[in-house]
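*Asks:* Right, I'll just put the structure down here and ask away after.
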Amino acid sequence: MRIKIINTLCLGLVLAGFLAGCSTTQKITSSARTATEQLLISEAVMRSIAQSSDFSLPIPKGSVVKLDLFGISGDKDLVKGVVAGWLGQQGYIAQDESATYRMNVVVDSLGTEHANTFFGIPPISAALIPISLPKLSFYEADLQTGYARFHLDIFEIPSGRFVGTTAPFIADTHFNMHTVLFLIKFKRTDLTSPPSVGSFKNMVR
């Protein structure tokens, strides 16, 4: 009976060691935002503009426009650059000198959302036996969404007369990573050329 218990314990230790050896440690990022998060935000902004390619402003083509930026997000400067490029494509001049109109770029929302779905065994740390088991995912989904919404308020210079406001520019993006049976990973995304992180496919090359 004692030999059977010892054999069972040894088998359990070997299995635990194997499972622990299959764990993966990944450094998430060395920057304020991961490359994927940056793409989620920047592509959402650019798509919101692209969806309004036929949009017309209530000011004459060729007008010189001064851009002022307002918003809570720390990434809002990106919107100003994209709007300046879009104005140039529409036949306007975005600069402060000799401007005849001021355009307030009001960033209503700009950022990412994250959600996680997990089915499996959470990480286990034993107090008596110095063995830790990693998280074992039968199925896991990390869902990331990028979202951009902003609008433009236009004023006449130097009178400050309000000329008009635009409808909101809105777009979103997504990057979803799925894990099945511990190691098999695949992604679903609408990003253009997203970064490729470690996966089961890369491990077996």
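Every number in this text was worked out from the coordinates using simple rules, so none of it is lab data. Keep in mind it's a predicted model, so treat the numbers as computed, not measured. Using ideal geometry, Cβ is built from the backbone for each residue, glycine included, and neighbour counts are taken over all protein chains shown.
*Asks:* Between 125, 167, 196, whose Cα lies farthest towards the positive end of the dipole of the stretch 102-196 when Lys and Arg beta carbons carry +1 and Asp and Glu beta carbons carry -1, centred on the Cα centre?
*Replies:* 125
*Asks:* Moving on to the next point. Compute the length gained on full extension between residue 183 and residue 89: take 0.36 nm times their separation in residues and subtract their Cα-Cα distance, giving the result in nm to one decimal.
*Replies:* 29.2 nm
*Asks:* Additional query: Mind pulling up the Rg/Rh value for the stretch 81-200? Radius of gyration and Kirkwood radius, both on Cα.
*Replies:* 1.27
*Asks:* Let me ask something else. For residue 185, list the aspartates and glutamates whose Cα falls under 16 Å from its own Cα; do not include residues on the same chain fewer than 8 positions away.
*Replies:* 140, 142
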